[in-house]
Amino acid sequence: MSDKFKNNDNLIELCENTFYPPINLKNYQVEKETLSIIPQRIALAYAVIPLDSVEFILTVAMSDPLDIATIDNLKAATKMDISPVIASDEDITEALIKYYNKPTDSESIDRNNSLESDTGKFSELKEGSAQFSMDEVCELSQKTKIIDALNQILIDAIKLKASDIHIEPCQYYVRVRYRIDGILHQIHRMDKHFQEAIIARIKIMSRLDITQRRVSQDGRFSFNTEVHKIDVRVSVLPIDFGEKIVLRLLNQENISFSMEKLGFSQYATTAFNTALEKPLGLILLTGPTGSGKTTTLYTLLSRLNTDQRSLITLEDPVEYNLAGVSQVPIRHEIGLDFATILRATLRQSPDILMLGEIRDSETADIAMKAALTGHIVFSTLHTNDAPSAITRLLNMGLEPFLISFAVNMIAAQRLVRTICPDCKTSLKEDLSNRGEIPLQYRKRDVILYKGAGCKKCNNTGYKGRVAIIEALLFDPIIRDLIIHKASLEEIRTYAREKCAMKTLREDAMEKCLKGETTLEEIMRVTTEI
């Protein structure tokens, strides 16, 4: 503890400056039940005395209430919020002798000694602390109980066909949720004392720095099952109660880059085939994170991947390995961003180029010019619908004529959950007065479908997902509208009336009427424009 708190004058000053109340332990009697909340080893190591507990709040006497690391470790050990009060070193030492039978001088309290408490050694780790060597941390993370717990989390996720695992420390426990068909479900709930061990295990497997606990980190590792080899992408983010970890599961063996297997409608398939027939130009995909844009881009690349063509991708990060494609990871930490690598890539004379995302005007300008000089270019943007991407590009400072002549197609994409085939049931609906539904589908006595819920779909009624597409194919009139700075509404109206463009909701309604998804799912995923 700090020397400045070792005399009564500084103790009084500390109380005044921090507003933590003082206590005279000589005049206070602690109940045995309260003492049992903090094990003897932890009380001696941190020189603290538990005084009282109310629900999830534990009042603790300590000489330095500003020692946040100690408070955090006490939280982890007790699974309670800690409310500090200030006592002098002398009072705490006497109380430790009185209540915990303080050891002799040869066994004196040493905060740097390793502890074998109920919470495990990991609960005492502090950032930058030399308390444990790397070898000791590695040894703890290799304990059979920790390995089995993490393996079970991964195996359950694979069985449930989860795309992501969220390991999220909460105040009194660790929540483990799986993202299944785009929706998070809480599957496991671990004891708090497993938290640091599990996190350390994942970090070691991902070759991340286990001593860094206040900065975000990214890594990856592979996990082998009896059937599959799973690539796992790891993201670590510091939060209030520890470090949240998100594991993205990438099972390349289950990925089939086919428009039909992605669930594209005939309308979407025809639109993409038309755009892919062009010898050069830009194809843009838009949509939020998790809408399947990367998978669609890989599908387009697979269609064009032949021995006669050179294909290069720029990705942040590379998700799946594509045979015959040169895939370049973006490395921002060393200055290799999209714009920098894109310039170098163009000197490699690629026929087809894929950019993971257009994030700035510089990257957009280079991509547009590449599309005009003989390259087929694929990339993504974050906009709500296809026509809005034009406005987004204009706002980036691109000239209208550049957008007009470089872009061949803009497609907005979403993923909707499909009805579980094992519990699928039909029902009759009156859609005539449903204003949120496109006009052409507002009819009486429409047969729709839903999933009743069964074991095979975890009682959700859904199993799997399909893509819905809004495809804006550029023709001479659309190019002319862009050059003359027509409004977004004019472009959208023309595309729907003259080019047969379907909105996301219209494409989804077609799947709904075919019994592939539900009306509720459509309303959740799409917005009508």
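The values are calculated or read from the model by the stated rules, or taken from the named source; none is laboratory data. Keep in mind the model is a prediction, meaning the values are calculated, not measured. Using ideal geometry, Cβ is built from the backbone for each residue, glycine included, and neighbour counts are taken over all protein chains shown.
Suppose we keep only residues that are more than 21 Å from THR295 (Cα to Cα) and under 21 Å from the mean Cα position of the chain (by Cα) within segment 315-367. Which one would you say is surrounded by the fewest Cβ atoms within 10 Å (Cβ to Cβ)? Of everything passing the filter in segment 315-367, GLU333 is surrounded by the fewest Cβ atoms within 10 Å (Cβ to Cβ).
Quick one: which residue in VAL176, VAL215, VAL234 is in a loop (DSSP other than H, G, I, E, B) and without any contact (Cβ under 8 Å) to a residue 40 or more places away in the chain? Before the answer, list the steps.
Numbers: VAL176 fails: in a loop (DSSP other than H, G, I, E, B); VAL234 fails: in a loop (DSSP other than H, G, I, E, B).
The unique qualifying residue is VAL215.
One line per residue, one yes/no per condition, for (1) under 18 Å from VAL416 (Cβ atoms); (2) touching a residue at least 40 places away in the same chain (Cβ under 8 Å); (3) in contact with a strand residue (DSSP E or B) (Cβ under 7 Å, 6 or more places away or on another chain); (4) in the same structural domain as LEU353 (by TED's automatic domain parsing):
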residue	(1), (2), (3), (4)
GLN266	yes, no, no, yes
GLY292	yes, yes, yes, yes
LEU300	no, yes, yes, yes
LEU304	no, yes, yes, yes
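In the set SER404, SER379, SER426, only one residue is part of a strand (DSSP E or B) and over 30 Å from GLY515 (Cα atoms); that residue is SER379. Among the residues of segment 42-79, the ones that are touching a residue at least 24 places away in the same chain (Cβ under 8 Å) and among the acidic types (Asp, Glu) come to 2 in all. Summed over segment 367-385, the residues that are charged (D, E, K, R) and in contact with a strand residue (DSSP E or B) (Cβ under 7 Å, 6 or more places away or on another chain) give a count of 1.
Selection within segment 163-195: residues that are modelled with pLDDT of 90 or more and charged (D, E, K, R). The member of this set that is farthest from VAL246 (Cα to Cα) is ASP181.
Residue count for segment 427-463 under the criterion of being free of Cβ contacts under 8 Å to residues at least 40 places away in the same chain, of a type in the set (Gly, Ala, Ser) and under 30 Å from SER163 (Cβ atoms): the result is 2. Of the numbered criteria (1) buried (at least 19 other Cβ atoms within 10 Å of the Cβ); (2) within 28 Å of the chain's Cα centre (by Cα); (3) among the β-branched types (Val, Ile, Thr); (4) not assigned by TED's automatic domain parsing to the domain that holds ILE410, the one ILE469 fails is (4).
Take SER222 and decide whether it is of a type in the set (S, T, N, Q), modelled with pLDDT of 90 or more and not assigned by TED's automatic domain parsing to the domain that holds GLU55. It would help to see each step written out before you state the result.
Numbers: of a type in the set (S, T, N, Q): yes; modelled with pLDDT of 90 or more: no; not assigned by TED's automatic domain parsing to the domain that holds GLU55: yes.
The answer is no for SER222.
Put simply, of THR460, THR526, THR518 the only residue that is over 18 Å from SER404 (Cβ atoms), surrounded by fewer than 21 Cβ atoms within 10 Å (Cβ to Cβ), within 34 Å of the chain's Cα centre (by Cα) and polar (S, T, N, Q) is THR460. Could you list, in sequence order, all residues of segment 68-87 that are surrounded by 20 or more Cβ atoms within 10 Å (Cβ to Cβ), under 32 Å from the mean Cα position of the chain (by Cα) and not in a helix (DSSP H, G or I)? Correct list: MET80, ILE82. Scanning segment 218-231 for residues that are touching a residue at least 12 places away in the same chain (Cβ under 8 Å) and not hydrophobic (A, V, I, L, M, F, W, C) turns up ASP218, GLY219, ARG220, THR225, HIS228, LYS229, ASP231. Here ALA268 fulfils each of the conditions (1) farther than 27 Å from ALA495 by Cβ; (2) surrounded by 18 or more Cβ atoms within 10 Å (Cβ to Cβ) apart from (1). Yes or no: ILE376 crowded, with 21+ Cβ neighbours inside 10 Å, closer than 23 Å to ARG309 by Cβ and β-branched (Val, Ile, Thr)? Considered against the rule, which asks whether it is crowded, with 21+ Cβ neighbours inside 10 Å, closer than 23 Å to ARG309 by Cβ and β-branched (Val, Ile, Thr), ILE376 comes out as yes.
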